[in-house]
Amino acid sequence: MTITVQFHGILADWVGTPAADFELGAGATVAELMRAIGRRYRKNMPAQLWDRQRDSFNKKIRIQGAARVYTDLETPLEKEEKITFMLMIAGG
């Protein structure tokens, strides 16, 4: 299944692209998407953003789907889901 990912704000700068498509198997989880992001973009990301040992974001990231916010990495993604990754920043 194809998952479209948008990187919002400074994440797009750090990753090196504002959006990308990922081909994942049926029933893939948020954790599998994170690993795919890591495989493709970890070399572009600074250490303050990406933990290479855990293969995951270091910073608090909001993972927003079309109809929900993903908080559990083991949650299956919806087929053809569009996911937005946003860096959570304190202040206003």
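Would you check which residues across segment 17-66 are closer than 19 Å to K82 by Cα, touching an Asp or Glu at 6+ places or on another chain (Cβ under 8 Å) and either of a type in the set (V, I, T) or part of a loop (DSSP other than H, G, I, E, B) (or both) and list them? The answer is L24, G25, T29, V30, G65, A66.
What residue, among those in segment 1-16 that are assigned to a helix (DSSP H, G or I) and in contact (Cβ under 8 Å) with a residue 60 or more places away in the chain, is nearest to G65 (Cα to Cα)? That would be L11. Evaluated against (1) closer than 18 Å to I89 by Cβ; (2) of a type in the set (G, A, S); (3) at pLDDT 90 or above, G9 falls short on exactly one condition, (3). A single entry from E80, E74 fulfils the requirement of being of a type in the set (D, E) and modelled with pLDDT of 90 or more: E74.
The values are calculated or read from the model by the stated rules, or taken from the named source; none is laboratory data. Since this is a predicted model, take the numbers as computed values, not measurements. No Cβ is skipped: glycine too gets one built from the backbone with ideal geometry, and neighbour counts run over all protein chains shown.
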